[in-house]
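The values are calculated or read from the model by the stated rules, or taken from the named source; none is laboratory data. Everything quoted here is computed from the prediction, not taken from an experiment. Backbone-built Cβ (ideal geometry, glycine too); neighbour counts: all protein chains shown. Keep in mind that these areas ignore ligands, DNA and RNA; they rest on the heavy atoms of the full protein, side chains included. Shrake-Rupley method; radii C 1.70, N 1.55, O 1.52, S 1.80 Å.
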Amino acid sequence: MVPMLMVRVILVLIAILTELYGKETTQDFISKYNKYNTVCQKMGYGTRSYKGKDHGIVAFHARMSSNLQNLGNNAVVVFGRVTLNSGSAYDGNTGIFTAPTYGIYSFTWTIMTIPGSRFNTEIVMNGNVVGYNYANGKSGSSQHESTSTTAVIRMKKKDKVWIRTFNREGEYAYMDWSSLSGFQL
């Protein structure tokens, strides 16, 4: 007897839902969509059109392709082994990221050094220092030292960001274990 009551309740619910939602026409749906879209745009959310899988996405990841040793002060650190470069904004030959559009970008870089060496870096935008990373293998440890830093930066189109050494302490950075990645938020 109970299962029959449940079947009747379910049938009544289906009938009510069909009555409520079954009468919406295509034009009603489009009208609601346009209203929601207008509200979203007023809140600052834009419409993006994607022609391809990665169209409009800016993201990259690169690792050092060789060990770097004895770099001078303010030497650009090139992460030449590029494994992802959606949007083609990072140049693996120069180590420079060029913003393709205005926006907020996140960059993270990791430096690994060997015992007895330091490799101190800073992230700069258009030559102005934004943040630092201090890999100190001279701390007395017999282990490799690794440090990571993240910087979130507001950029205009064509602004440039790169990693460079500072304080003449670009003594040794270990290839493959040192990397740089970034993406637009």
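Kindly evaluate G137 against the criterion of being out of contact with any strand residue (DSSP E or B) (no Cβ under 7 Å at 6 or more places or on another chain) and not β-branched (V, I, T).
Values: out of contact with any strand residue (DSSP E or B) (no Cβ under 7 Å at 6 or more places or on another chain): no; not β-branched (V, I, T): yes.
No; evaluated as a whole, the condition is false for this residue.
Within the range 99-119, take every residue that is open to solvent by 40 Å² or more (accessible area, probe 1.4 Å) and of a type outside the set (A, V, I, L, M, F, W, C) and give me the one that is farthest from V58 (Cα to Cα).
Filtering the range 99-119 for residues open to solvent by 40 Å² or more (accessible area, probe 1.4 Å) gives 100-102, 104, 108, 114-116, 118.
Restricting the remaining residues to those that are of a type outside the set (A, V, I, L, M, F, W, C) gives 100-102, 108, 115-116, 118.
Details: P100: 8, T101: 9, Y102: 12, T108: 14, P115: 36, G116: 37, R118: 32 Å.
Filtering first and then ranking leaves G116.
Which of the residues that make up the range 162-185 are surrounded by 15 or more Cβ atoms within 10 Å (Cβ to Cβ), at pLDDT below 90 and basic (K, R)? Give the steps one after another, and end with the answer.
Here is the first cut: in the range 162-185, the ones surrounded by 15 or more Cβ atoms within 10 Å (Cβ to Cβ) are 162-166, 169-175, 177-184.
Those left that are additionally at pLDDT below 90: 166, 169-175.
Once the filter is applied, which keeps residues that are surrounded by 15 or more Cβ atoms within 10 Å (Cβ to Cβ), at pLDDT below 90 and basic (K, R), the range 162-185 yields nothing.
Take the residues in the range 145-161 that are assigned to a strand (DSSP E or B) and farther than 18 Å from Y172 by Cα, then tell me which one is most open to solvent (accessible area, probe 1.4 Å). Spell out how you get there, then give the answer.
At the first step, the residues of the range 145-161 found to be assigned to a strand (DSSP E or B) are 145-155, 160-161.
Right, trim to farther than 18 Å from Y172 by Cα and you get 150-155, 160-161.
On the way: T150: 84, A151: 10, V152: 93, I153: 10, R154: 143, M155: 1, K160: 81, V161: 6 Å².
Here the residue is R154.
Somewhere in the range 127-140, is a residue closer than 28 Å to Y102 by Cβ, of a type in the set (F, W, Y) and surrounded by fewer than 15 Cβ atoms within 10 Å (Cβ to Cβ)? Give the derivation first.
Keep residues of the range 127-140 that are closer than 28 Å to Y102 by Cβ, which gives 127-133.
Keeping just the survivors that are of a type in the set (F, W, Y) gives 132.
Now narrow it down to the ones that are surrounded by fewer than 15 Cβ atoms within 10 Å (Cβ to Cβ): 132.
Within the range 127-140 (the criterion being closer than 28 Å to Y102 by Cβ, of a type in the set (F, W, Y) and surrounded by fewer than 15 Cβ atoms within 10 Å (Cβ to Cβ)), the answer is yes, since at least one residue qualifies.
I need the full set of residues from the range 162-185 which are touching a residue at least 60 places away in the same chain (Cβ under 8 Å), not hydrophobic (A, V, I, L, M, F, W, C) and not in a loop (DSSP other than H, G, I, E, B), in order please. Before you say what the answer is, go through the steps one by one.
Start the filter on the range 162-185 by keeping residues that are touching a residue at least 60 places away in the same chain (Cβ under 8 Å), which leaves 162-168, 170-185.
Right, trim to not hydrophobic (A, V, I, L, M, F, W, C) and you get 164-165, 167-168, 170-172, 174, 176, 178-179, 181-182, 184.
Selection gives R164, T165, N167, R168, G170, E171, Y172, S179, S181, G182, Q184.
May I ask you to verify whether E169 is acidic (D, E) and over 21 Å from the mean Cα position of the chain (by Cα)? Spell out the reasoning first.
Values: acidic (D, E): yes; over 21 Å from the mean Cα position of the chain (by Cα): yes.
So E169 passes the test.
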